[in-house]
Structures are given as structure tokens and as C-alpha cells.
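Peer 1: This structure is in C-alpha cells; I'll ask about it shortly.
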Amino acid sequence: MPVWSPGMVWPTATPGGAVSPSWGGYVKLFVRAAIGAGNTFHMGVHTFDRMDAGNVLGGGVTAPGNDLWIDIACDVADLEVIGGATTSAGILTKADAATITVTIADPNGWYDPLNPAGPFSYGGRSRLVPGTPVEVFAEVVDGATGTVSTHWLFTGTADTWQQDWTPNPTERQTQLIASDATKMFSRLDRPEQPPVGAGDTTQQRVHRIVDFFGWPGVVLDPAGGGTVTLQATTLAQPAWEMINRALDDELGYVYFTAKGELRWLPRTVWATAAPPIVTLGCDVGYDILIDASPSAMDTQMRNAVYAARVDGITQSAISTTSVETYGRYDYTRTDLGLATDAQAAAWATALVQLYAYPTVTLDDVTRVPALDPQPWKPWAAILAVTPITDIVRVHWSPPDIPGRAPVDVNSRVVGVSHRVSRTAWEVRWQLVNTRPAAQAGAVFTMGPHPQDRLDSNFVLTAA
């Protein structure tokens, strides 16, 4: 018998939120927007008085917590959250801006941005405007212990609030679209500066860009400062473009977390073979997978890579065995910001080491945690996965093909999507497969290389 089960009082003091039996009963959804109307300046005693003299300057609202955050979860008819990468390109994968699309049931017109007298208006002006802070998170109750864990799904600001007017109030809905800080970083673009930062590590370059634009948020750095050093920069491109160029040189990954932090990871993360923290599929007691898509095996292949830094000499890395077996898969980059030609050679080698041979893998999987008889277990495990660094195992056979041997692969999660309605909650992972370098065979490198042991700079490395 579980310690906590649906029907009991939710064991947390967090106000608001919505639950549905169709989600399994152990997860609560919170969708909050900073749309409280606030208060004007009052002379004298007032409900929101926080000073002995009785002078009040706004800030007080009737919402729980006496702030501007309003929980709208119980009015949500449909919610889609898309975070991280929506397509996989292996080690070259780029994160997209995380977005949410929220369909809000609105029979009273409360969420109509053109309603000047609604509860979310102040002084005749609506607070349902672009730039409004929005956040989405979930709480999961462990049925065996009664403890609650909190998992962030999205942090960002509104792009649009839109309502299509209809004469039938029961059909009236408002659509809220919001995106994360990637949007803001893409807009930050200032004139060219004198060159600075020659010899920066990846970590130093990321912080140089963040500090230059004065972003006050949190940057999550990995251990160490990255694996490369960089040429000087004039800081002449948009902030998001510059950060991604630095991570291109690093062969790392950068994205905004669901809590709104800027997180970047070094090249070494792709070759780290950690045990999977989650196993889903046929051999874990109960199968909650409803769909899986195999990837095209040749889309990520790279067995002949040519790389050059700006004002440098082109370096090459070629897996002759792969070329002879599968044909040639060329890839060229001539605009790297690396400080030395040796680093450009190592950049090319890293790509060939990982992608010289085709790999059977999955592109994405979709799960419904409510299908499990103890849904708090998959809910807590799935929502706790950290993109890129955490490995997940999928052991699964299509249910419409009885007797088929299961696919058994370990992958990294590079994108997370949630599709939520009052009758269903599906979670989709975008996956990428990376292999330890030892599986890729020998790679011949032209030019200087960290593993060079020959005077003439020709290196046959064990990939």
C-alpha cells in the first residue's frame, strides 16, 4: 500500500497547480505568468502595507505569495513544451530556443490581451503583453515515501498572447507562446570592438560574451575551462552566434536549462561513457514507450574531415578503412576560431573518431508515464534526466511485431518535449548516439597533432 496515493492532500505548500487522473495522479503541473495587476501608491494604512508609516508602493496582489505570479494551470486546455535540440547532428548538434505553446480556456475573456478591464489589467492597460515572464514546472509525489520532487520544464518570456473572438463563450480560448533566453541572446548585437581575448579558454570566452552584454543570469561551467584556446574576438556578432561559434571550436554544447541558466559543456562530454541512469522498455517491469523512431545511419557519418582556423593552414583527418568500406563522407570547416593549427587538426580528428562508422541508433522515443502501475517511478526518473551529460538506455520492440528481438541502445538526450492535455501527458526525447573513440578505427592526420610522435607531422592515431 503506498504511503501517499491520489485523493490524499497534496504534500507540499506550493500554491496552485493542476492534477489529472490521466497523468497517473502523482504529478502536478504548474504554469505561472507574472501578470498580477499590482497596486498603486497609497498614503496611509493599506492591506499591503509593509512599512510602519503606512506608505505602500505597488507590489501587492491578491495572488498567493503577494507577488505578480499568477498560476494558470487549471485553465490550461493544452500545453506543448519543446526544449533543447529538435534535430540531431551528433557532436555538431545545436540547441534551439526552448518554446511553450499554451492553449488557455477563457470563457470570461480574462486572458484576452485586448480586454482593458480584465483581472490582469492595470490602469486600463493589459499585462498580457510580450516580455511577460512565464515559467512551467512539475511536482512529483513519491508514492512509497510521500516526498515531493520539483522539476523545471521551462523558464522564459511571452512572445504573444492571442485570442480569436467567438460568439460562443465555451469555445473562447487564448493562445500563449513563449520562448527562453535564447531569444534575447539572439537580439543582443553591438558594434565591433577592438580585438580582445587572444588565448581565451572556452570558459573565459563564454563569460567574456556574457559580461560584455551585461546578462545577470547564472552560467553553469563544467569542471575545467574547456579543451581549446581561441583567437581574439571583436564581439561584433549577436551574443548567441558568438557563444555558439566558441562552442563549435570546442566541439561542445550550449543551451539554456529549464530554469533559465546558461549551461555549456566541453568536447570531452561526448566520449564519456557513463552508465545509463534510466532504462526504459521491455525488461524494466512495465513498458511505457509508445513510439520510437530509428535514425538514418549515414546522416552523421564523417570519415574525411578538413578543418582550418582563420588565417591558418587546412588540416585533415581521414579514416581510410571507413572510406574504403562505405565510401567518402567529406566535411569541411575553414572558419574555426582556434588559436593553433594543432588544435584544428585535433578538431578534425575528434569528428572522424566519433563518426567514421555507421551506428544503429534511435532518433527519438515517446513515453507515457501514466501507463505504469506505479507512475511516480517513471515520472521522477524521466523528469530528473539532465540533457547531454546523462545517458539513457532504451530496450524496446515495436508492440505490433510479436517476437521481434528488441533494440538495445544507450543514448544522450539532447531535446525534451512535453505534450500535455487534460486527458494525456506524453514526454518525447530527442536522442543522439555517441561512441567511445576506440570503436572508430585508426585515423590518419595531416599536420601537427597532440599525438604527433614523428618529426614530419604525420600521425596515425588510435581512434
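Peer 1: Mind grabbing the accessible area of Lys377 for me, 1.4 Å probe, Å², rounded to tens?
Peer 2: 110
Peer 1: Roughly how big is region 222-272's charge dipole about its Cα centre, with Cβ charges of +1 (Lys, Arg) and -1 (Asp, Glu), in debye to the nearest 20?
Peer 2: Dipole about the Cα centre, nearest 20: 140 debye.
Peer 1: When the accessible area of region 248-404 is split by element with a 1.4 Å probe, what percent falls to carbon and sulfur?
Peer 2: About 54 percent, which is the carbon plus sulfur part of the accessible surface.
Peer 1: Where the only charges are on Cβ atoms (+1 Lys, Arg; -1 Asp, Glu), what is the dipole of region 183-300 about its Cα centre, to the nearest 20 debye?
Peer 2: So the dipole magnitude of region 183-300 works out to roughly 420 debye.
Peer 1: Project the alpha carbons of region 78-161 onto their principal axes and report the range along each, largest first, in whole Å.
Peer 2: Extents along the principal axes: 49, 41, 21 Å.
Peer 1: Given labels modelled 7 Å from the Cα in the Cβ direction, how far is it in nm from Ala117 to Ser5?
Peer 2: 5.0
Peer 1: With point charges of +1 on the Cβ of Lys and Arg and -1 on the Cβ of Asp and Glu, referenced to the Cα centre of region 219-309, which listed residue (Ala271, Val305, Tyr286) lies farthest in the positive direction of the dipole?
Peer 2: Val305
Peer 1: How would Trp270, Trp165 line up by accessible area, probe 1.4 Å, largest first?
Peer 2: I get Trp165, Trp270, largest accessible area first.
Peer 1: Moving to a separate point now. Could you list which residues have their amide H under 5 Å from that of Ser126, counting only those 5 or more apart in sequence or on another chain, with H placed in the peptide plane?
Peer 2: none
Peer 1: Probe of 1.4 angstrom, ligands and nucleic acids ignored: what's the accessible area per residue over region 156-238, in square angstrom? Walk me through the numbers on the way to the answer.
Peer 2: On the way: 4310 Å² over 83 residues.
Averaged over the residues of region 156-238, the accessible area is 52 Å².
Peer 1: Taking a probe of 1.4 Å, how large is the accessible area per residue of region 259-364, in Å²?
Peer 2: Computed with neighbouring chains in place, this is 43 Å² per residue.
Peer 1: Keeping all protein chains in the complex and leaving out DNA, RNA and ligands, what accessible area do you get for Thr87 with a 1.4 Å probe, in Å² to the nearest 10?
Peer 2: My reading of the accessible area for Thr87 is about 100 Å².
Peer 1: Same structure again: Taking θ as phi - 60°, what are the ³J(HN,Hα) couplings along region 20-30 by the Karplus curve (6.51, -1.76, 1.60), each to the nearest whole Hz, with x for Gly and Pro?
Peer 2: Result, ordered by residue: 8, x, 5, 8, x, x, 10, 10, 10, 9, 10 Hz.
Peer 1: For Lys28, go through the aspartates and glutamates and keep the ones whose alpha-carbon is under 13 Å away, minus same-chain ones fewer than eight residues off.
Peer 2: By straight Cα distance, Lys28 reaches Asp71, Glu139, Asp142.
Peer 1: Another question, if that's okay. Express the carbon and sulfur contribution to the solvent-accessible surface of region 153-228 as a percent, rounded to the nearest whole number, probe 1.4 angstrom.
Peer 2: Here carbon and sulfur together make up 53 percent of the probe-accessible area.
Peer 1: Of Ala345, Val392, Ser411, which is farthest on the positive side of the dipole of region 337-419, counting Cα position, with +1 on Lys and Arg Cβ, -1 on Asp and Glu Cβ, and the Cα centre as origin?
Peer 2: Val392
Peer 1: Give the residues of region 99-117 whose amide nitrogen is closer than 19 Å to a point set 7 Å from the Cα of Asp390 in the direction of its Cβ.
Peer 2: Only 99 pass the distance filter.
Peer 1: Shifting gears a bit: Note down the accessible area of Arg422, probe 1.4 Å, to the nearest 10 Å².
Peer 2: Accessible area of Arg422: about 130 Å².
The values are calculated or read from the model by the stated rules, or taken from the named source; none is laboratory data. Note that this is a predicted model, so its numbers are computed, not measured. Glycine also receives a Cβ, built like all others from the backbone with ideal geometry; neighbour counts cover every protein chain displayed. Just so you know, the surface numbers come from the protein's heavy atoms only, side chains and all, with ligands and any DNA or RNA stripped out. Shrake-Rupley method; radii C 1.70, N 1.55, O 1.52, S 1.80 Å.
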